1. Looking at region 25-78 only, could you name the residues that are part of a strand (DSSP E or B), out of contact with any Gly (no Cβ under 8 Å at 6 or more places or on another chain) and of a type in the set (D, E, K, R)?
2. Is there a residue being open to solvent by less than 40 Å² (accessible area, probe 1.4 Å) and over 20 Å from VAL70 (Cα atoms) anywhere in region 26-38?
3. Inspect region 45-60 for any residue being of a type in the set (D, E, K, R) and open to solvent by less than 100 Å² (accessible area, probe 1.4 Å) and give the result as yes or no.
4. Being open to solvent by 40 Å² or more (accessible area, probe 1.4 Å) and in contact with a Phe, Trp or Tyr (Cβ under 7 Å, 6 or more places away or on another chain), is that true of even one residue in region 12-22?
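The values are calculated or read from the model by the stated rules, or taken from the named source; none is laboratory data. Small disclaimer: the values here were computed from a predicted structure and weren't measured. In this analysis, Cβ positions are derived from the backbone assuming ideal geometry, glycine residues included, and neighbour counts consider all displayed protein chains. Each accessible area value is taken on the protein alone, full model and side chains, heavy atoms only, with ligands, DNA and RNA left out. Shrake-Rupley method; radii C 1.70, N 1.55, O 1.52, S 1.80 Å.
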Amino acid sequence: MSQWFQAIKMDVHAIEQQGNIINTRWTLHWTTPLPWQPRIAISGGSELTLDDNNLIISHIDYWDCSRWDVLRQHLPFPGS
């Protein structure tokens, strides 16, 4: 992972549990090792499902942006 993601940081904004479901809100940041060193940010959330022993049996991440939006953050052109 360190080939593609440097200076990884995740800010967790919220954690809420209802029954056996835990929902989180977060922003993930990293620097991509390209010559212009773009700093990327993706906000999103995770849904974790717990079993009867409170062990995680499912983890699904949701992004608030498209893959294209993430790719555009890598481009060094204004307005990209």
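1. Passing the criteria: ARG39, GLU47.
2. Checked region 26-38: no residue is open to solvent by less than 40 Å² (accessible area, probe 1.4 Å) and over 20 Å from VAL70 (Cα atoms).
3. yes
4. Let us first name the residues in region 12-22 that are open to solvent by 40 Å² or more (accessible area, probe 1.4 Å), namely 12-13, 15-21.
Retained after the next criterion (residues that are in contact with a Phe, Trp or Tyr (Cβ under 7 Å, 6 or more places away or on another chain)): 12-13.
Yes: region 12-22 contains one or more residues that are open to solvent by 40 Å² or more (accessible area, probe 1.4 Å) and in contact with a Phe, Trp or Tyr (Cβ under 7 Å, 6 or more places away or on another chain).
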